[in-house]
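J.: Here it is: the structure, laid out below.
The values are calculated or read from the model by the stated rules, or taken from the named source; none is laboratory data. These numbers come from a predicted model, not from an experiment. Positions of Cβ are generated from backbone atoms using ideal geometry, with glycine treated the same way; all protein chains shown enter the neighbour counts. Heads up: the accessible areas ignore ligands, DNA and RNA and are worked out on the full protein's heavy atoms, side chains in. Shrake-Rupley method; radii C 1.70, N 1.55, O 1.52, S 1.80 Å.
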Amino acid sequence: MLLELIGAMTSPSPLLVLLVAMVGAPVTAIVGWRRPRAAAVVAVVSAATALLLVIAAWRSGGGVTSLPWVPTWGLRFVLTFDGLTAIYALLATGIGVAVLVYSAAYLPRHLAHLHRPASDATGFYALILVFMGAMVGLVMADDLLLLFIFWDITAVVSYFLIGFNREEPSSRPAALMALMVTGGSAILMLAGIVALWIDSGTTSIPELNASAPGGLLFTISIGAITMSALAKSAQMPLHFWLPRAMVAPTPVSSYLHSAAMVAAGVFLLARLLPLVHRAAWIPEALVAIGLASTLAGGLLAIGRDDMKRVLAYSTIGQYGYVVVLLGLGGAYGAIGAGMYVLAHAIAKCALFLTAGAVTEATGKKNLSELGGLLRSMPVVAIASAVAAATIAALPLTMGFFKDELFFAAMNEEGPAFTIAAVLSAALTFGYVARFWGKIFLGRSSLRAGTLPFPMIAAIVILATLCVAGGISIGPANGLANAGGSAALMEPVSVSLAYHLDTRPENLMALAAYAIGLGLVASLTGWGRMSRGLAGIAGRFGPDRLYQRILEATNGFSDRLHGYEVHDLRGRVAWVLLPVGILVLLGLVFTSNDGAFIVGELRPGDLLVVLVLAVVCAAAVTATQTVQHLSALLLLSAVGFPLAAVYAFLGAPDVALVAVLMETLISLLFIGFLAAMRDRPRVEGFETASLTSHRWRDVLIGFAAAATAFVVVWGVLSKPAAVETAARDQIALTPAAHARDVVTAILSDFRGIDTLGEITVIGITMIGLISLLQRPLQRRARE
């Protein structure tokens with residue numbers, strides 16, 4: 001047993017990796033429920049175990065797990081661990097460990113500031129682990145429908161994490177905005193997946209990449225999926241949710257908005273890269289959107305005052321680089337995207353954690369309130385300087401090589417792209433230098449408080465990875481090559497190293513540094529321009545459009561709700577009317593050839609026809625009476641003859657059930673009428689209702705009856721041609737010792753459901769009896 005366990009750890013299957021990543025959340029919740037202080041330790045150990053399994057899976061060559069999922073649809077539960085999976089799974093679990101270590105010291109203080117119980121931390125750790133598990137499943141999913149399930153889990157969990165500070169007024173709107181943009185855009189993704197399924201007959205990603213047909217429908221499908229991916233990665237014009245999400249606690253921002261949630265969008269593009277480049281105009285659109293996001297994110301970041309918002313706009317710009325690389329494609333594009341995501345996630349997470357540490361130590365959130373913290377926070381200052389240098393792509397950091405690949409890919413496209421690349425890198429250099437300098441340089445009277453060791457250690461570890469990747473680029477280079485090969489579905493490789501020559505990439509880097517220093521020297525002017533741009537965007541940008549749409553939607557919903565709850569008739573109508581409209585649309589847009597057949601009336605059917613005529617007469621008469629007891633008796637005259645029809649058709653057991661139900665309902669109504677007999681009567685209500693809407697109700701009744709008649713006639717004349725479970729149930733009815741399929745379904749195939757329904761009815765009856773007995777008990781006391 002021990003040898004099997006060691007073997008599983010050294011070469012784990014993708015399924016084992018997923019199970020371990022997912023099991024951490026419930027274990028943490030259970031342990032934290034009993035011992036809240038132990039929740040942080042369990043969370044860290046769970047994430048670390050998942051990280052070790054991911055490393056082991058990568059070192060053992062990955063693998064594939066394929067299990068039956070929905071055989072009738074031809075779907076399989078397929079998990080693949082390749083180079084692309086390794087990049088994003090390592091980030092999800094590795095940075096998850098760092099964030100949880102940081103949170104173990106940060107969160108108790110944060111909750112104390114908010115006057116919340118320390119036990120609330122357990123839910124926070126569990127949510128982080130759920131998100132981590134969903135990300136691991138997402139990047140291993142080899143089927144689009146399976147990927148979509150994990151995609152939606154990340155959207156839902158992000159809502160709770162972003163809204164964790166529920167005491168802040170802006171917390172819930174920010175969480176709702178993130179959910180509406182990222183979760184709402186997932187509808188486009190689902191539509192694209194279904195369209196691809198219809199067009200190609202499969203949702204398997206390898207099969208689609210190998211043989212998906214082209215054409216207009218294919219392009220529209222890929223476009224819909226691409227839009228959802230861009231919204232997830234906070235790209236223009238659906239970028240506005242990310243700065244608002246900075247109301248979340250610092251660990252949430254550092255994890256979701258540097259390495260996990262926003263990375264999911266570019267991962268999807270990388271996973272479907274052959275399909276993206278096979279679709280018309282999609283790659284060109286990615287390049288344009290990525291460049292626009294890089295420019296907008298950089299310009300808005302250079303003038304922001306809130307530390308976390310500076311980093312949020314920086315993330316928008318940095319992921320714009322990745323989108324451009326994926327739009328360009330090729331070896332430089334695919335490998336460069338993987339390298340960029342690796343370097344950015346590690347460094348940006350460290351900078352987010354730095355912002356939280358500075359706020360915790362000083363109580364300040366804005367750059368204008370800070371400065372001169374280098375002396376009082378030297379370790380954090382040095383570690384964050386390394387992370388900032390990584391984002392700015394300085395030598396001896398991993399970030400240098402991410403920009404080298406970006407410069408190489410852009411230089412291949414021509415002079416205009418070369419200039420755009422240099423200006424983008426210079427803008428990055430400018431806002432990163434401003435961020436770090438405003439916090440740690442200059443003079444200030446602020447006195448920083450002491451920070452717990454885990455908070456500082458997490459930042460130092462991430463900074464160490466940035467330097468290690470810059471000095472020894474081999475492991476990151478190999479990982480990026482494997483990711484690029486998996487994305488392109490063909491072997492590609494780029495050797496990264498320092499070259500002291502005049503190759504274009506080096507000259508572009510030197511030009512970016514020089515222009516970036518110029519930006520730093522003229523930050524005052526650039527800051528005013530950035531704030532002016534932010535004001536224009538706030539007034540006329542997509543953020544404002546979102547608010548207008550949300551307000552209009554809420555207003556429309558309130559009006560419809562007012563109509564719906566006006567009276568009982570309205571409530572019933574708002575349920576039945578949409579159903580009727582959908583049924584009619586199906587009737588109109590479906591071929592009706594052979595759908596209305598008049599069958600032969602045989603002598604044996606005359607008795608059934610006579611009983612049904614009685615049913616129809618009773619139903620019509622019930623609509624004309626105004627007496628409650630008369631209406632009840634007429635409804636019984638509808639139900640009991642129908643039970644007789646079941647008996648005539650050879651189903652006496654079903655007829656007996658119908659008789660029992662009709663009897664029960666009749667007795668229930670009689671008891672209700674008896675209890676209501678002495679209640680005060682609302683005068684005039686019935687008269688006004690009957691006289692003002694009489695003819696309208698008659699017309700609606702005739703229309704509804706005619707529609708139901710046509711639909712039922714068509715369904716019975718031409719049943720659906722699709723395969724259903726009905727044939728299997730009819731064939732299995734004798735094995736259930738039943739004379740008809742209805743009895744078999746109720747008592748055998750759906751026995752548990754029937755038991756549940758009976759239980760619900762019994763509980764309801766007990767409640768009704770209690771309510772009806774209250775007036776009698778009150779009268780007895782009086």
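J.: Under 20 Å from a point placed 7 Å out from the Cα of Glu369 along the Cα-to-Cβ direction: which residues of the stretch 238-262 have their backbone N that close?
T.: From the stretch 238-262, the list is 243-254.
J.: Let me ask something else. Given R₀ = 25 Å, what would the calculated FRET efficiency be for Asp501 paired with Ile471, taking r from the Cβ atoms and rounding to 0.05? Write out the running numbers ahead of the final one.
T.: Values: r = 20 Å, r/R0 = 0.79.
The calculated FRET efficiency here is 0.80.
J.: Moving on to the next point. For the peptides 82-89, 579-586, what is the packing order when you average, over each peptide's residues, the other Cβ atoms within 10 Å and list the highest mean first?
T.: On the way: 82-89: 25.8, 579-586: 11.9.
Highest to lowest by the protection proxy: 82-89, 579-586.
J.: For the stretch 481-585, what is the largest minus smallest coordinate of the Cα atoms on each principal axis, given in angstrom and ordered from greatest to least?
T.: Over the stretch 481-585, Cα extents along the principal axes are 81, 48, 18 Å.
J.: Another one. Among Ala337, Ile30, Leu576, which residue has its Cα furthest toward the positive end of the charge dipole of the chain, with +1 on Lys/Arg Cβ and -1 on Asp/Glu Cβ?
T.: Ile30
J.: Here's another thing I want to ask about it. Cβ under 12 Å from Gly297's Cβ, Gly297 left aside: what net charge do those residues give with Lys, Arg +1 and Asp, Glu -1? Each step should come with its number before you reach the end.
T.: Details: positive: Arg304, Arg309; negative: none.
Computed value for this residue: +2.
J.: Around Asp306, which amide H atoms from residues at least 5 apart in sequence, or from another chain, sit under 5 Å from its own amide H, with H modelled in the peptide plane?
T.: Leu367
J.: If I fit a long axis through the Cα atoms of helix 504-521 and take the longest principal axis of the Cα atoms of the chain, what angle between them do I get, 0 to 90°, rounded to 10?
T.: Relative to the chain, helix 504-521 is tipped by roughly 90 degrees.
J.: Still on this model: Based on DSSP H runs of at least 4 residues, each adding -39500 (n - 2.57), what is the mean residue ellipticity at 222 nm of the chain after dividing by all its residues, to the nearest 500 deg cm²/dmol? Before the final figure, lay out the partial values.
T.: Numbers: 34 runs with 575 residues, N = 782.
Value at 222 nm, helices only: -24500 deg cm²/dmol.
J.: Per 0.36 nm of contour for each residue apart, how much would the distance between Glu600 and Asp305 grow if the chain were fully extended, relative to their Cα-Cα spacing? If you can, show how the numbers build up before the last one.
T.: Details: separation 295, 0.36 × 295 = 106.20 nm, distance 8.24 nm.
Between Glu600 and Asp305, full extension yields 98.0 nm more.
J.: For Thr625 and Ala703, what is the calculated FRET efficiency with R₀ set at 22 Å and r taken between the beta-carbons, to the nearest 0.05? Spell out each step's value before the answer.
T.: Details: r = 22 Å, r/R0 = 0.98.
In this case the efficiency is close to 0.55.
J.: Taking a threshold of 22 Å on the Cα-Cα distance, which of the pairs Lys348/Lys402; Lys364/Lys438; Lys364/Lys402; Lys348/Lys438 fall above it?
T.: Long pairs (Cα-Cα over 22 Å): Lys364/Lys402.
J.: Apply the Karplus curve 6.51 cos²θ - 1.76 cosθ + 1.60, θ = phi - 60°, to the phi angles in the stretch 307-312 and return the couplings in whole Hz, x for Gly and Pro.
T.: Karplus values, whole Hz, x for Gly and Pro: 4, 5, 6, 4, 5, 5.
J.: Using Cα atoms only, what is the angle between the long axis of helix 453-471 and the major principal axis of the chain, expressed in degrees (0 to 90) to the nearest 10?
T.: 70 degrees
J.: Order the peptides 627-634, 19-26, 430-437, 254-261 from the highest to the lowest mean number of other Cβ atoms within 10 Å of their residues.
T.: Working: 627-634: 14.6, 19-26: 20.6, 430-437: 23.9, 254-261: 28.4.
Those peptides, ordered most packed to least, come out 254-261, 430-437, 19-26, 627-634.
J.: Related question: Suppose the chain between His561 and Ala647 were pulled fully straight at 0.36 nm per residue; how much longer would it get relative to their current alpha carbon spacing?
T.: Working: separation 86, 0.36 × 86 = 30.96 nm, distance 4.39 nm.
Fully extending the segment from His561 to Ala647 adds 26.6 nm.
J.: Taking the Cα centre of the stretch 592-679 as origin, sum charge times position over the Cβ atoms of Lys and Arg (+1) and Asp and Glu (-1), and report the length of that vector in debye to the nearest 20.
T.: Numbers: 3 positive and 6 negative charges, 74 e Å.
The calculation lands at about 360 debye.
J.: Between Leu772 and Val657, what length in nm is gained on full extension when 0.36 nm per residue of separation is reduced by their alpha carbon distance?
T.: 38.8 nm
J.: While we're here: In whole Hz, what ³J(HN,Hα) sequence does the stretch 384-395 give by Karplus (6.51, -1.76, 1.60; θ = phi - 60°), x for Gly and Pro?
T.: Ordered by residue, 3J(HN,Hα) equals 5, 5, 5, 5, 5, 5, 5, 5, 7, 6, 7, x Hz.
J.: Ok, one more. Along the stretch 400-405, what does the Karplus equation 6.51 cos²θ - 1.76 cosθ + 1.60 (θ = phi - 60°) give for ³J(HN,Hα), rounded to whole Hz, x for Gly and Pro?
T.: Result, ordered by residue: 4, 7, 5, 6, 4, 5 Hz.
J.: Now for a different question. Between the alpha-carbon centers of the stretch 178-194 and the stretch 750-768, tell me the distance in whole angstrom.
T.: 37 Å
J.: At 7 Å along Cα-to-Cβ for each site, give me the label-to-label distance between Ile670 and Arg447 in nm.
T.: 8.7 nm
J.: How tilted is helix 474-488 with respect to the longest principal axis of the chain? Cα atoms for both, answer in degrees (0 to 90, nearest 10).
T.: The angle comes out at about 40 degrees.
J.: Further, regarding this structure: Which order do peptides 325-333, 278-286, 51-59, 490-498 fall in by mean Cβ count within 10 Å, highest first? Each step should come with its number before you reach the end.
T.: Numbers: 325-333: 23.9, 278-286: 17.2, 51-59: 19.3, 490-498: 13.4.
Highest mean packing first, the order is 325-333, 51-59, 278-286, 490-498.
J.: Check cross-link reach from Lys308 to the aspartates and glutamates: straight Cα distance under 15 Å, and skip same-chain residues fewer than eight apart.
T.: Within the straight-line limit of under 15 Å, Lys308 reaches these aspartates and glutamates: Glu360, Glu369.
J.: Further, regarding this structure: Keeping all protein chains in position, work out how much accessible area Thr49 exposes to a 1.4 Å probe, and write it in Å² to the nearest 10.
T.: 50 Å²
J.: Distance between Cα centroids, the stretch 581-658 to the stretch 51-124: provide it in whole Å.
T.: 57 Å
J.: Could I ask something else about it? Only four residue types carry charge here, +1 at the Cβ of Lys and Arg and -1 at the Cβ of Asp and Glu. Report the dipole size of the chain about the Cα centre in Debye, rounded to the nearest 20.
T.: Numbers: 48 positive and 43 negative charges, 572 e Å.
Roughly 2740 debye for the chain.
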